[in-house]
Each structure stands twice: as C-alpha cells, then as structure tokens.
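K.L.:
Below: one structure in structure tokens.
The values are calculated or read from the model by the stated rules, or taken from the named source; none is laboratory data. The model shown is predicted, which means the values in this text are computed figures rather than measured ones. Virtual Cβ from ideal backbone geometry, glycine too; neighbours counted across all protein chains shown.
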Amino acid sequence: MAEEKKEEKIEIPEKFKKIVEEIEKMSVLDLAELVKILEKKFGVSAVPQVVTAPTAAPATTGAAPAAEEKSTFTVVLSSVGPKKIEVIKIVRDVTGKGLKESKDLVDAVESAPQVIKENVKKEEAEEIKKKFEGAGAKVELK
C-alpha cells in the first residue's frame, strides 16, 4: 500500500523568509558545514537522541544516595584515533545505525565529543569502551 506523499505548504514568518531562502540555495555539503558551525556556536547537538523508558530503581536499604554506585552510563566518543574505518564499524555494531549515520557521527567527533549510547549498564559500557580503545579511539563513560 503505497501512500502518496503530499507536499505540505508551510507558512514562513516574514522575519525568517530571507534566512529560509538562503538555506534553500545551499548545497548539502554547505548545510552540513553550517550545522557544525551552529553546534559549536551555541553548544548544541543536531544528533537525534534515543529516548528509552526509565527502568525501575533497585530498593535501597538505608544507604545514602551519594554512596550508591552509578548503575547506568553514557558512552561518549571523544577522539577517533588513527583507525577511523574500524571505529565507524564499531559505531555501526554498537548503535545499529547505518553506514552513513555512523560515518557522520564519527566525523562529528572532530568538532565535539559525541554520545554513542545512553543508559547503558556498567558491564556493557566497559565492553563498548574496550572495543573502541582496541581501535585506538578514546571513550569516556559518564
């Protein structure tokens, strides 16, 4: 069942018309460069974030929350190293993303560290870190 893709007419406020017209004239490479510049300038990331449902926290037995060991981590790729292709392959394996998305993520590490996976158990996070370090990349667990 093929659905017809209907082009939606979007109302552009007058104050943004000039900017939108300029963006429409840009090539894909120029747009990618613009996104990287805006990410640096404003300290934001255009990488889509994966949202997972929160898991039930284990019951505490009167221990202070500060003394509790962190159970989930975020794996952040901070440096690619000399084996870029191998790092791209690892990103594909770990995230399940396609080749293009994995390459883009690895390329984006040059401008700022990139989140590879969020809310990962300690054992899995350590395993992912070992894979990346084996390829010469630097990974942080946060």
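K.L.:
Among the listed residues Lys83, Lys41, identify the single one that is at pLDDT 80 or above, within 21 Å of Val115 (Cβ to Cβ), exposed (fewer than 10 other Cβ atoms within 10 Å of the Cβ) and more than 16 Å from the chain's Cα centre (by Cα).
P.N.:
Working: Lys83 fails: exposed (fewer than 10 other Cβ atoms within 10 Å of the Cβ).
Only one candidate qualifies: Lys41.
K.L.:
Is it the case that Glu101 is among the charged types (D, E, K, R) and either at pLDDT below 85 or farther than 28 Å from Glu133 by Cα (or both)?
P.N.:
Numbers: among the charged types (D, E, K, R): yes; either at pLDDT below 85 or farther than 28 Å from Glu133 by Cα (or both): no.
Spelling it out, it is not the case that Glu101 is among the charged types (D, E, K, R) and either at pLDDT below 85 or farther than 28 Å from Glu133 by Cα (or both).
K.L.:
Here's something else I'd like to know. Does region 56-75 contain at least one residue that is outside the structural domain of Val35 (by TED's automatic domain parsing), surrounded by 17 or more Cβ atoms within 10 Å (Cβ to Cβ), out of contact with any helix residue (DSSP H, G or I) (no Cβ under 6 Å at 6 or more places or on another chain) and modelled with pLDDT of 85 or more?
P.N.:
Within region 56-75, not a single residue is outside the structural domain of Val35 (by TED's automatic domain parsing), surrounded by 17 or more Cβ atoms within 10 Å (Cβ to Cβ), out of contact with any helix residue (DSSP H, G or I) (no Cβ under 6 Å at 6 or more places or on another chain) and modelled with pLDDT of 85 or more.
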